[in-house]
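Written out below as structure tokens is the structure these notes cover.
The values are calculated or read from the model by the stated rules, or taken from the named source; none is laboratory data. Source: prediction; values computed, not measured. Reconstructed Cβ throughout: ideal geometry from the backbone, glycine too, with neighbour counts over all protein chains shown.
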Amino acid sequence: MLYLIPVPISDNTQTISIQSQYILPNIKKFIVENVKTARRMLRKMDYQLNFDEEVQFFEMDKHQKNQDISIVKAWLLSDEDIGLMSEAGLPCIADPGSEFVALAHQLKVKVIPLSGPSSIIMALIASGFNGQNFAFVGYLPIDKNSRIQKIKQLETLSATQTQLFMDTPYRNKELFLDLITHLQPHTKLSIALDISGSDQYIQSMTVKEWSKNDQLPDLHKIPCIFGMSK
């Protein structure tokens, strides 16, 4: 079986589910983004097996489209349980990993998603925006003109559907400035910063209110989910 293992957000180990604690001791093969950080997080999740003698890791290369995944295929065709982890939160959402889940389905291998934190869903439910109809559109374009055009498209869609998006943390400030500059004054904007972390900040206001807010949080290099609604 392929288990989709949620990883605590902001290193908050209180978000580790009992379900994961029950399943993890039985897994000796892991598909991960980074072996070093995966080992560190597994230890925080009270994983006890010896990494050098008992455990195997396959590191996903999100920059290589034709990565050799024959070893993962062999793992899936064995009778052993396999774990898939991202760096934080639920795997395969704004993170690589979906191709391995698709491979498991092709090979008729059972896929088991474990319960755990998702910063995207947590940002949505804390925003006060429409949770019946929403979209997560991922990262906005890097090019400034393309990003502004995308922002305006999302604003139109937000009249009937909550729009959730993010950017690389070091571009958060630039994105925020583009949002309050190019959105209509009464469009609602939410910021969910460092969810479940020690510096968590979640606030929803109109663009006009954000523009007048003189106590903005420090967005630089901190994981953030933005939301938009009319």
Please specify each residue of region 173-230 satisfying the condition of being farther than 20 Å from ALA135 by Cβ and among the acidic types (Asp, Glu).
GLU174, ASP194, ASP199, GLU209, ASP214, ASP218
Going through GLY131, GLY116 one at a time, which residue ends up being of a type in the set (Gly, Ala, Ser), without any contact (Cβ under 8 Å) to a residue 60 or more places away in the chain and closer than 24 Å to ILE202 by Cα?
GLY131
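Given the condition over 18 Å from the mean Cα position of the chain (by Cα) and either surrounded by 18 or more Cβ atoms within 10 Å (Cβ to Cβ) or not basic (Lys, Arg) (or both), answer yes or no: does some residue in region 84-101 qualify? It would help to see each step written out before you state the result.
To start, the set of residues in region 84-101 that are over 18 Å from the mean Cα position of the chain (by Cα) comprises none.
So far as region 84-101 goes, no, none of its residues is over 18 Å from the mean Cα position of the chain (by Cα) and either surrounded by 18 or more Cβ atoms within 10 Å (Cβ to Cβ) or not basic (Lys, Arg) (or both).
On the given criteria, is LYS62 charged (D, E, K, R) and touching a strand residue (DSSP E or B) at 6+ places or on another chain (Cβ under 8 Å)?
Details: charged (D, E, K, R): yes; touching a strand residue (DSSP E or B) at 6+ places or on another chain (Cβ under 8 Å): no.
So LYS62 does not fit the description; no.
Modelled with pLDDT of 95 or more and basic (Lys, Arg), is that true of LYS221?
On the way: modelled with pLDDT of 95 or more: no; basic (Lys, Arg): yes.
It is false that LYS221 is modelled with pLDDT of 95 or more and basic (Lys, Arg).
Return the only residue of LEU183, LEU216 being crowded, with 19+ Cβ neighbours inside 10 Å, over 19 Å from the mean Cα position of the chain (by Cα), over 16 Å from ALA126 (Cβ atoms) and in the same structural domain as ASN133 (by TED's automatic domain parsing). Even if it seems obvious, please write down each step before you answer.
Numbers: LEU216 fails: crowded, with 19+ Cβ neighbours inside 10 Å.
So the residue among LEU183, LEU216 that is crowded, with 19+ Cβ neighbours inside 10 Å, over 19 Å from the mean Cα position of the chain (by Cα), over 16 Å from ALA126 (Cβ atoms) and in the same structural domain as ASN133 (by TED's automatic domain parsing) is LEU183.
Considering each of SER211, SER229 in turn, give the residue that is more than 20 Å from the chain's Cα centre (by Cα), within 23 Å of ILE93 (Cα to Cα) and among the hydroxyl-bearing types (Ser, Thr, Tyr). Give the derivation first.
Details: SER211 fails: within 23 Å of ILE93 (Cα to Cα).
None of the others qualify; the one that does is SER229.
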Reported set for region 126-138 where residues are out of contact with any helix residue (DSSP H, G or I) (no Cβ under 8 Å at 6 or more places or on another chain) and surrounded by 13 or more Cβ atoms within 10 Å (Cβ to Cβ) is ALA126, SER127, GLY128, PHE129, ASN130
Just one of TYR22, TYR3 is on the phi < 0 side of the Ramachandran plot and at pLDDT below 95; which is it?
TYR22
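Which one of these is out of contact with any Ser or Thr (no Cβ under 6 Å at 6 or more places or on another chain) and either over 30 Å from CYS224 (Cβ atoms) or loosely packed, with under 13 Cβ neighbours inside 10 Å (or both): LEU4, LEU107?
LEU107
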